[in-house]
1. Report, please, the projected area of the range 211-343 averaged over directions, based on the convex hull of its C-alpha atoms, in nm².
2. In a solvent-free Debye calculation with one equal scatterer on each Cα, what is log10 I(q)/I(0) for the chain at q = 0.07, 0.08 Å⁻¹, listed in the order of the q values?
3. Count the DSSP beta bridges whose two residues both fall in the chain, then state the antiparallel fraction as a percent rounded to the nearest 5.
4. Over the chain, what is the relative contact order in whole percent, taking alpha-carbon pairs under 8 Å and six or more residues apart?
5. For the range 15-153, take every pair of Cα atoms, bin their distances at 10 Å starting from 0, and report each bin as a whole percent.
6. Output the 0 to 90 degree angle, nearest 10, between the alpha-carbon long axis of helix 255-265 and the longest principal axis computed from the alpha carbons of the chain.
7. If packing is taken as the average count of other Cβ atoms within 10 Å, what order do 196-207, 15-26 fall into, highest mean first?
8. Mind checking the log10 I(q)/I(0) for the range 147-205 at q = 0.15 Å⁻¹? Debye, one equal scatterer per Cα, no solvent, two decimals.
Ligand code: NAD
Ligand code: DAU
């Protein structure tokens, strides 16, 4: 299969490209990425070199914006693309609070351009969405179902919900073959260190304070990134046109538990934890009911939270140079501004 992956230089996109190229020797991937602060071409640089003189590479990188319809359309035609997987997005909730405009531009308008290109070329789209579109759960509420109403609370989740509604509309109106996946919190190699797990690793490793929002009792469901990649691959190959599939890791944890586990792994004291001003509009709990994906796709998470966290800690320990490289000027600017206002 010839696949156009967008946002392949980000955290999940990088893992997905490696995951599918390993599992499908006959697949070829074109990766379209705008290389924002969160995109790192280096992540997949080893795949850019031709495999050998007479065996061309199965991977190509293209620098560009998903909002550029002519570019997306041209890539689909030039590379005889058969399906598009749209990971490209602004993904960090805290940044959406300080700069919502870029979230609307990429997540809503960018997705509309991708939809339009797929409609014109008549190719399948798998659109990567999030559990955050459903809003927040109470402690004893049933986990989110695909039929749960969309009630997003942050500019990030509102922009993702907007994109989901456009995907639905393109399917209903134009008959576009589109599938939406909604997943819970991913963790694993290559995650940008603004997100909870790698940020807490960086702070704990340096013996610096670990900023926990509010009372630390907000709950997230954690899925190891390879399990999400498996879900996306199943949605791509087996998903019903027009369907929405939830994916989760069946691993609900309070933030404080996660942070303590990281400190314990690194042999650092819990006294490094600092409770800081809460995130505005902070969703209390996410949990996923992924029965539909089990039944229709045969999806099941394979990595427990304890196994996945241990693997992730090992990866970050072994990739200190990667971590140092991504903590660039833009990273520092945002971190200083955001956490400067909270501690
Ligand atoms: P990320 O921020 O690590 O990566 C996003 C990538 O998209 C980067 O490489 C960036 O350069 C690229 N990008 C941004 N704007 C672009 C544009 N206009 N055109 C082309 N490329 C652009 O994000 P991630 O955590 O890997 O998330 C990937 C997708 O999965 C997102 O759609 C996100 O909403 C969704 N998702 C993430 C999680 C999670 O826990 N990280 C969970 C569920 C769903
Ligand atoms: O649920 C899926 C979503 O998970 C994805 O759609 C988003 O792209 C991804 O960023 C993630 O969003 P969260 O807001 O849940 O992830 P984050 O890592 O930012 O925060 C996880 C929890 O930890 C959340 O309750 C906020 C809290 N937190 C986070 C940071 C960065 C802290 O307490 N302190 C922090 O410094």
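Bear in mind that the values in this text are calculations on the coordinates, not laboratory data. Being a predicted model, the structure only gives us computed values, none of them experimental. Cβ: placed from backbone, ideal geometry, glycine included. Neighbour counts: every protein chain shown.
1. 10.2
2. -0.27, -0.36
3. Numbers: 4 of 41 bridges.
Taking every DSSP beta bridge with both residues in the chain, the antiparallel ones total about 10 percent.
4. Contact order relative to length: 17 percent.
5. In whole percents, the pair-distance histogram is 10, 34, 33, 18, 5, 1.
6. It is inclined by approximately 80 degrees.
7. Working: 196-207: 19.5, 15-26: 17.1.
Packing order, densest peptide first, comes out as 196-207, 15-26.
8. With no solvent term, the Cα-only Debye profile gives -0.65.
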